[in-house]
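Asker: Encoded as structure tokens, here's the structure I'll be asking about.
The values are calculated or read from the model by the stated rules, or taken from the named source; none is laboratory data. Since we're looking at a predicted model, the values are computed, not measured. Cβ sites come from the backbone with ideal geometry, for glycine too, and all protein chains shown count toward neighbours. Calculation scope for accessible area: heavy atoms of the full protein, side chains included, ligands and nucleic acids excluded. Shrake-Rupley method; radii C 1.70, N 1.55, O 1.52, S 1.80 Å.
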Amino acid sequence: MHLQITNLTWSVSDKSILNDIDLNVAQGQFVGLIGPNGSGKSSLLRCAYRRHKPSRGQILLNQKDIHTMPAKTFARHVAVVQQEFPAEFGFTVEEVVKMGLTPHQSLFSSVGVGKKRVIEALDKVGLAHIRAQSFDLLSGGEKQRCLLARALVQEPELLILDEPTNHLDIHYQFELLDLVKSLGISVLATLHDLNISARYCDYLYVMQAGNITQQGTPSQVLTPEVLADNFSMAATVDQQVHSPVPRINYLEPIS
């Protein structure tokens, strides 16, 4: 699934939030959006999954404008895991994950087939043992894993993740991103941990004040100069010959 964003601009009350954004996610590519708080990362994702309509520009999914696609068709191809959790959801863990079947109801009308997919997804994220528990009673990390399971049940070709490692302890951060990477599908994710970005992303876009300031592979983007200019952090970056993954060592904030 190929996502192409061209000349995207989004404004609210004449205030520009995103400015002439060009971004591509190729088939099977894991693309990360990084940048300081308030740089526009989540706003760009919201445009990509149709929560916000751009003021100008175009978003294409396999060469089709996403705003001309029926909602159900879009949901068959794209799954989203947002930062915020629903309040007072009132459903069990299993019922929440089962919602991911909705775009495919005509294809998975068999109760047995649908339930099998739900249990498999819950097992992948380590929540099968509490599938009858209320979603509202879960911890933040458990809620994050539950919503990822719902996205997996959709069997998307493009997965959009807004800070997927929020609320997760280090074990589940690596386990879930290993799982996402293993799916072999296109992924667009905002990430705040730059070392995790280096480990999992094939390509990175750096955002600052609604603009893309840098783009490239993690080795090209995660340099001391970029970290100083965009994150106000002094750092060294280790790039070992036997590993393509750069490792950032933070030194001190730059005032």
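Quick grid of which residues meet (1) among the β-branched types (Val, Ile, Thr); (2) free of Cβ contacts under 8 Å to residues at least 40 places away in the same chain; (3) within 22 Å of ARG199 (Cα to Cα):
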residue	(1), (2), (3)
LYS124	no, no, yes
SER134	no, no, no
ARG145	no, yes, yes
VAL153	yes, no, no
THR165	yes, yes, yes
ASP169	no, yes, yes
ASP178	no, yes, yes
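Asker: Take the conditions assigned to a helix (DSSP H, G or I), over 30 Å from ASN230 (Cβ atoms) and either touching a helix residue (DSSP H, G or I) at 6+ places or on another chain (Cβ under 9 Å) or polar (S, T, N, Q) (or both) and apply them to ALA198. Does it pass?
Answerer: no
Asker: Of all residues in the stretch 46-76, which are touching a Pro at 6+ places or on another chain (Cβ under 8 Å) and either part of a strand (DSSP E or B) or at pLDDT 95 or above (or both)?
Answerer: CYS47
Asker: So, in the stretch 46-99, exactly how many residues are open to solvent by less than 70 Å² (accessible area, probe 1.4 Å) and in contact (Cβ under 8 Å) with a residue 60 or more places away in the chain?
Answerer: 12
Asker: May I ask you to verify whether LEU148 is over 22 Å from SER43 (Cα atoms) and not in a loop (DSSP other than H, G, I, E, B)?
Answerer: No.
Asker: Among (1) buried (at least 18 other Cβ atoms within 10 Å of the Cβ); (2) outside any helix (DSSP H, G or I), which single condition is LEU177 missing?
Answerer: With respect to (1) buried (at least 18 other Cβ atoms within 10 Å of the Cβ); (2) outside any helix (DSSP H, G or I), LEU177 is out only on (2).
Asker: Let me ask you something else. Hey, among the residues in the stretch 138-174 that are among the aliphatic types (A, V, I, L, M) and more than 26 Å from THR73 (Cα to Cα), which one's surrounded by the most Cβ atoms within 10 Å (Cβ to Cβ)?
Answerer: LEU168
Asker: Given the residues SER43, SER39, which is the only one that is touching a residue at least 12 places away in the same chain (Cβ under 8 Å), surrounded by 15 or more Cβ atoms within 10 Å (Cβ to Cβ) and assigned to a loop (DSSP other than H, G, I, E, B)?
Answerer: SER39
Asker: Only residues that are of a type in the set (A, V, I, L, M) and open to solvent by less than 80 Å² (accessible area, probe 1.4 Å): list them for the stretch 222-249, please.
Answerer: Correct list: LEU222, VAL226, LEU227, ALA228, MET233, ALA234, ALA235, VAL237, VAL245, ILE248.
Asker: Which residues, counting only those in the stretch 17-31, are open to solvent by less than 60 Å² (accessible area, probe 1.4 Å), part of a strand (DSSP E or B) and within 22 Å of LEU183 (Cα to Cα)?
Answerer: LEU23, VAL25, PHE30, VAL31
Asker: Among the residues of the stretch 84-102, write down those that are out of contact with any Cys (no Cβ under 9 Å at 6 or more places or on another chain) and modelled with pLDDT of 80 or more.
Answerer: Matches in the stretch 84-102: GLY90, PHE91, THR92, GLU94, GLU95, LYS98, MET99, GLY100, LEU101, THR102.
Asker: Can I ask one more? State the number of residues belonging to the stretch 180-201 that are among the polar types (S, T, N, Q), open to solvent by 60 Å² or more (accessible area, probe 1.4 Å) and either in contact with a Lys or Arg (Cβ under 6 Å, 6 or more places away or on another chain) or touching a residue at least 40 places away in the same chain (Cβ under 8 Å) (or both).
Answerer: Count: 0.
Asker: Within the stretch 27-51, count every residue that is farther than 18 Å from ALA79 by Cβ and of a type outside the set (D, E, K, R).
Answerer: Summing the residues that are farther than 18 Å from ALA79 by Cβ and of a type outside the set (D, E, K, R) in the stretch 27-51 gives 8.
Asker: Just name the residue that is most open to solvent (accessible area, probe 1.4 Å) out of those in the stretch 202-220 that are in a strand (DSSP E or B) and polar (S, T, N, Q).
Answerer: Here the answer is GLN215.
Asker: Applying the selection to the stretch 9-29, what residues are in contact (Cβ under 8 Å) with a residue 12 or more places away in the chain and among the hydrophobic types (A, V, I, L, M, F, W, C)?
Answerer: TRP10, ILE17, LEU18, ILE21, LEU23, VAL25, ALA26
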